[in-house]
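Take a look at the structure below.
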Amino acid sequence: MNYLEIKDIYFSYKDKEILKDINIKIDKGESITIFGPNGSGKTTLLKIILSILKPLKGEVFFKEKNIFEFDERRRAKIFSYVPQKINTFFPMSTFDYLILGRTPYINGFIKKEDREIVSNWIEKFKIGHLKDLNFQFLSEGEKQLITLIRTFIQESDVIILDEPLTHLDLKYRMKILELLKKIKLSGKTIISVFHDLESIRYISDRVILLKNGEILKVGKIYDIITEENLTNLFEENIKQILTLQK
Amino acid sequence: MNRKVFVFIILVTLIFVFLLSMSFGSKKYSLYEIIKFLISPKEGDELLLKIRFPRVISSFLVGASLSIAGLLSQTLFLNPLADPFLFGISSGANFFVTISLFFGWDLIFKFSLSFFSFLGALFATFIILLISRIKGKITPLNLLLAGIALSYLFSSISSFLTIWGRDVLNRSVFWTLSGFSTINMEKISILLIILIPSIIFSLLFNVQFDAFSLGEDEAISLGVNVKLLKFVLLFLIALLSGISVYVSGIIGFIGLMVPNLLRSLFGLNHLKLIPLSIILGGLLLMTSDLIGRFILFPTEIPVSIITSFLGAPFFLYLLFKKRSF
Amino acid sequence: MKKYLILSFKKSLILFLILFFTFTLFLNPKISNSWEVNFFYNLGEKDFIFNGRKVSFSNEPLIIDGRVTIPIRDITKVFDIEIKWNKEERSIEFYSNKNKIKLFIGKDFYYYDNEKKSLLIKPFIYKNLSYIGIRDFIDILNLKIKWDEINKSILISGYFYPVTRINDDLGNEITFYEPPKRIISLAPSNTEILFSLGLNKEIIGVTEYCDYPDDAKKKEKVGGYSNPNLEKIYSLKPDFVFGIRGNPKETLINLKKLNINVLAFDPKNVDELFDLILKIGKVLDKREETNNLVREMKEKKDSIIKESEKLKKKKVYLEIWNNPYMSVGENTYLNNLIEEVGGINIAKKAKGDWPILSQEFIITENPEVIIIAYMGQNIEEILNRPGWENIDAVKNKRIYYINPDLIFRLGPRIIEGMEELFNLIHKDELFNNEKIIPLSFKKLISSNIFNPEKNLVLLKNIK
């Protein structure tokens, strides 16, 4: 049985085609990265998987069931999201932020069990010192880390990350990557977007090369990340970067 | 400021202001008389029962109503500076009032103007929803733009009718001066009929509102039906502010000040914020009404003027406050 | 060719003459507006009688060369003429209709504009007063003099309009050399004043709200009173615009710039209204009418006040709006009216002219009478207001409606409003609900003023 299948996705916006003929099959526990130039449709694809956007054509199947036919709570128990930029419009404690990860499980009012789950995870990740601080004033790195922790609280099967390392310093990059490695080892499925090849090497099993909304190539890293493919992808000579990577 | 201390202080102040409001007026009552009245209302003074008590209670209820409407407006717009009259509700209410003055419908029955203002608030909300839907997604920006566009449209038509119509300008001035001086139990029962279910409803959705406050995409990923929730928010805001306008006209600043103050102390937990808004908002408006009754006694100053006076220092406070939690 | 001479020469002459005379009839509008005066004096007496009024001489008349001479200041005063004395020239200047008159002490000629004309008697000074011959004076004014030998009186007739200088409340000063004939009123109260003085065809424009008397409704409309249409007013070519506080100042200023006479007033109480009416009367050449009107209004007012002093004072709540409840404050003329007719205005202690009152206050004050002064309010609703049951006015069902136009328009009908207030407030004490004051002012107005008769008074020999 297919675990996660993205089938024939087509998406356009204001007469501009953004995604075309997207077909991907993902196994349970796999970590797959979408890689491509800016504007190639990566974020859009993620949002379609999360049902934030609806494709004009095509479906997404989870365990061979069409996810668009699920209600939103069920979907939230399957997919969790770490966006590129974390919004903080209002003041709130880190604890309050984390407990919102329980939203798909809460009927009306937060229960004691939900609080306990959050406390446990806070202890496990040793972020007790952040618990009562205003989430708005944490650093970008802390925010990303905590949002990632929230996916544990959300108990989702698939974790979707959109460029999680972009605004972070070295210390937090390492932390996040370490955590992602642990998540992968625990059997969760990860779909991510990264811009740097090092991260991809560290945690991804497969890579999807996305160019202008279409899949150029899919495959294991060492097969896919070649000078030829990258040059094709970016339409620029990437030889120099490849050298740096070594 | 310790949160528990804060709650304690506002509760104590509430009781204090309540008793003060009950005792002050054209006829003064002693503490003893008031407590006796509260225990067995029927045996109390007629004036207390039919006029004083309804007035004090209604100022509290409208304050609560406006605060919750303000809270939900900020949630909906993902903006702490939103208030329930931001997106055209007040201009919608005013618009319907002007139309009814123009056609002379204000003379149909006594509170017909208030009723039309309520209809106007709902009508404006409906139109805005419609406009935003046509655009596609209902985003805070769309709502805001639609609201502003509608505001301009409504106010220009209103101005036109004011000039063209017979005596509309004079009669519309009276409308802006309304407050709690004509309150009676009838108005209160209508207020309660709308307020209580709205509060219960809001409380049931509290976690959804919390999640919505993180932003639309994140809320969707957390399992919130964002489309439905926006509609629920709009509807609740329209109802709560509409009914407040019906009871006592347009009163500004309460919906803006109270949730802001509370958020900085209590975070975004709607389960806490809603009851606290009720208490603080009710307290603030009850106090404002007391001040309005007291300063130029026996002349009444409309309560909306008092709340505007409070609004100015509040904005200064926003400017200068340290952003801490 | 002879076929074309349809009328014979004789017939066409007759036709021409008929047309000519008919035409000339229309050329003499002044015929309808003569000012007939009776002027009577007895030699040696200190007074003379002018239109039924006794006027004292500042100094006794003197006979010079067989002709009667009197102090100039006396005769000009009764004609309401303003004189200017020039010390160096020893001249006296005044206006007669549009013409400038200049007399000199000791000279037997005078200037009528630039024309030199002769006098029968040289003006002189006696006991510090300048004297002039009566005959000369009447000739200067172009009036006709007739001696009545039997009654020993002089009848002066003809048309005379004294040059009138008027100041309004906006700081305007206008000099009228003839009464205006195309008048636009910018307020309902002004319209009522104008009609009450007998004008009708002179009124060429009114506001949309001017609905009394009935003829006012037929007049051309120039807009509202807070937004009169400048262009419309101008297109009607008025020679006088009668404004009020509440008209936009810019419009009035712009009218002045277009060389239209504008006077705007702001009467704050009934006494100022009387002054206003008298002023307007001078402008409109309706001195007698306004004197009578004001005198009657004053008499009526005084008689109402006198009657009210016999009755018990009653607490009154005058409701001018119901959402919120509003009444009239201490500084308003309405407050004064209520007090003058024997009411006690419960809103007197509230601050502001149109204070908002709380229900509590009204209930605590416990008025005996409630008067509704706005449209759209029915008495049933007030009787059913919760908490109001124990108010005396509600218990005794003494809630009445008054036509707002009678009390909010400061015009001639204000006295009718006053009377109505009196009747409503004291209804309980008036015997069988009859009005104590038998003659309703309304009847007085409609019979005398709105259909004016000439006030001709011919006096007999006083002795």
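The values are calculated or read from the model by the stated rules, or taken from the named source; none is laboratory data. Keep in mind that this is a model prediction, so the values were computed, not measured. Glycine also receives a Cβ, built like all others from the backbone with ideal geometry; neighbour counts cover every protein chain displayed. Remember, those area values only see protein heavy atoms, side chains included, never the ligands or the DNA or RNA. Shrake-Rupley method; radii C 1.70, N 1.55, O 1.52, S 1.80 Å.
For the stretch C:88-105, the condition holds for no residue, the condition being that it is part of a loop (DSSP other than H, G, I, E, B) and among the hydroxyl-bearing types (Ser, Thr, Tyr).
Is it true that B:ILE301 is in contact with a helix residue (DSSP H, G or I) (Cβ under 7 Å, 6 or more places away or on another chain), among the β-branched types (Val, Ile, Thr) and closer than 30 Å to C:LYS348 by Cβ?
On the way: in contact with a helix residue (DSSP H, G or I) (Cβ under 7 Å, 6 or more places away or on another chain): yes; among the β-branched types (Val, Ile, Thr): yes; closer than 30 Å to C:LYS348 by Cβ: yes.
Considered against the rule, which asks whether it is in contact with a helix residue (DSSP H, G or I) (Cβ under 7 Å, 6 or more places away or on another chain), among the β-branched types (Val, Ile, Thr) and closer than 30 Å to C:LYS348 by Cβ, B:ILE301 comes out as yes.
Given the criteria surrounded by 22 or more Cβ atoms within 10 Å (Cβ to Cβ) and over 21 Å from C:PHE195 (Cβ atoms), does C:LEU230 qualify? No; evaluated as a whole, the condition is false for this residue.
Can you tell me which residue among C:ILE338, C:ILE253 is among the β-branched types (Val, Ile, Thr), open to solvent by 60 Å² or more (accessible area, probe 1.4 Å) and outside any loop (DSSP other than H, G, I, E, B)? Working first, answer last.
Numbers: C:ILE338 fails: open to solvent by 60 Å² or more (accessible area, probe 1.4 Å).
Result of the check over C:ILE338, C:ILE253: C:ILE253.
Tell me, please, whether a residue that is over 30 Å from A:LEU133 (Cβ atoms), modelled with pLDDT of 90 or more and open to solvent by 10 Å² or more (accessible area, probe 1.4 Å) can be found in the stretch B:258-269. For the stretch B:258-269, residues over 30 Å from A:LEU133 (Cβ atoms), modelled with pLDDT of 90 or more and open to solvent by 10 Å² or more (accessible area, probe 1.4 Å): absent.
Which residues, counting only those in the stretch C:210-246, are assigned to a strand (DSSP E or B) and at pLDDT 90 or above?
Within the stretch C:210-246, C:LYS221, C:PHE240, C:VAL241, C:PHE242, C:GLY243, C:ILE244 qualify.
Residues that are among the acidic types (Asp, Glu) and surrounded by 15 or more Cβ atoms within 10 Å (Cβ to Cβ) within the stretch A:197-225 comprise A:ASP205, A:GLU214, listed in sequence order.
From the list A:SER119, A:SER156, the one residue that fits, being small (Gly, Ala, Ser) and more than 13 Å from every other protein chain (Cβ to nearest Cβ), is A:SER119. A search for C-beta distances below 8 Å between a residue of the stretch A:114-134 that is closer than 17 Å to B:ASN269 by Cβ and any residue that is exposed (fewer than 12 other Cβ atoms within 10 Å of the Cβ), counting only pairs 6+ apart in sequence or on different chains, returns A:ASN134/B:SER324. Taking (1) among the β-branched types (Val, Ile, Thr); (2) within 8 Å of chain B (Cβ to nearest Cβ); (3) closer than 26 Å to B:ASN2 by Cβ in turn, A:THR103 satisfies each apart from (3). From the list B:SER114, B:SER100, the one residue that fits, being within 13 Å of chain C (Cβ to nearest Cβ) and modelled with pLDDT of 80 or more, is B:SER100.
When C:ILE138, C:ILE125, C:ILE156, C:ILE145 are checked against the criterion of being more than 30 Å from the chain's Cα centre (by Cα), under 18 Å from C:ILE70 (Cα atoms) and outside any loop (DSSP other than H, G, I, E, B), a single residue qualifies: C:ILE125. Being surrounded by fewer than 17 Cβ atoms within 10 Å (Cβ to Cβ) and among the polar types (S, T, N, Q) is the requirement here; does A:ASN134 meet it? It is false that A:ASN134 is surrounded by fewer than 17 Cβ atoms within 10 Å (Cβ to Cβ) and among the polar types (S, T, N, Q). Total residues in the stretch B:24-56 satisfying the condition of being surrounded by 15 or more Cβ atoms within 10 Å (Cβ to Cβ) and within 12 Å of chain C (Cβ to nearest Cβ): the figure is 16. Set side by side, the residues C:SER157, C:SER118, C:SER130 differ, and just one is over 25 Å from C:ASN229 (Cα atoms) and modelled with pLDDT under 85, which is C:SER157.
Do we find a residue being within 13 Å of chain B (Cβ to nearest Cβ) and at pLDDT 90 or above anywhere in the stretch C:332-344? Full working, then the answer.
As a first pass, look at the stretch C:332-344 and keep what is within 13 Å of chain B (Cβ to nearest Cβ): none.
No, the stretch C:332-344 has no match at all.
Just so you know, in the stretch C:358-382 the residues that are more than 9 Å from chain B (Cβ to nearest Cβ) and aliphatic (A, V, I, L, M) include one that is farthest from B:SER112 (Cα to Cα), and it is C:VAL369.
Just give me the residues in the stretch A:146-178 being open to solvent by less than 10 Å² (accessible area, probe 1.4 Å) and aliphatic (A, V, I, L, M), in sequence order. Give the steps one after another, and end with the answer.
Start the filter on the stretch A:146-178 by keeping residues that are open to solvent by less than 10 Å² (accessible area, probe 1.4 Å), which leaves A:146-151, A:153-154, A:156, A:158-162, A:164-165, A:176.
Across the stretch A:146-178, the qualifying residues are A:ILE146, A:LEU148, A:ILE149, A:ILE153, A:VAL158, A:ILE159, A:ILE160, A:LEU161, A:LEU165, A:ILE176.
Do we find that B:ASN206 is open to solvent by less than 30 Å² (accessible area, probe 1.4 Å), at the interface with chain A (Cβ under 10 Å from one of its Cβ atoms) and farther than 30 Å from C:MET375 by Cβ in this structure? The answer is yes for B:ASN206.
All conditions but one from (1) in contact with a Leu (Cβ under 8 Å, 6 or more places away or on another chain); (2) open to solvent by less than 10 Å² (accessible area, probe 1.4 Å); (3) within 18 Å of A:SER199 (Cβ to Cβ) apply to A:PRO37; the one that does not is (2). Candidates are the residues of the stretch C:383-401 that are farther than 17 Å from C:LYS427 by Cα and open to solvent by 20 Å² or more (accessible area, probe 1.4 Å); the one that is nearest to the other protein chains (Cβ to nearest Cβ) is C:PRO386.
Among the residues of the stretch A:41-50, is there at least one that is touching a residue at least 24 places away in the same chain (Cβ under 8 Å), in contact with a strand residue (DSSP E or B) (Cβ under 6 Å, 6 or more places away or on another chain), at positive phi and away from chain B (no Cβ under 14 Å)? Yes.
Criterion first (open to solvent by 30 Å² or more (accessible area, probe 1.4 Å) and either modelled with pLDDT of 85 or more or under 28 Å from B:ARG55 (Cα atoms) (or both)) does B:SER324 satisfy it?
Values: open to solvent by 30 Å² or more (accessible area, probe 1.4 Å): yes; either modelled with pLDDT of 85 or more or under 28 Å from B:ARG55 (Cα atoms) (or both): no.
No.
Of everything in the stretch C:293-306, what is farther than 10 Å from C:GLU419 by Cβ and in contact (Cβ under 8 Å) with a residue 60 or more places away in the chain? Give them in sequence order.
So the first thing to find is which residues in the stretch C:293-306 are farther than 10 Å from C:GLU419 by Cβ, and the list is C:293-299, C:302, C:305-306.
Passing the criteria: C:LEU293, C:GLU296, C:MET297.
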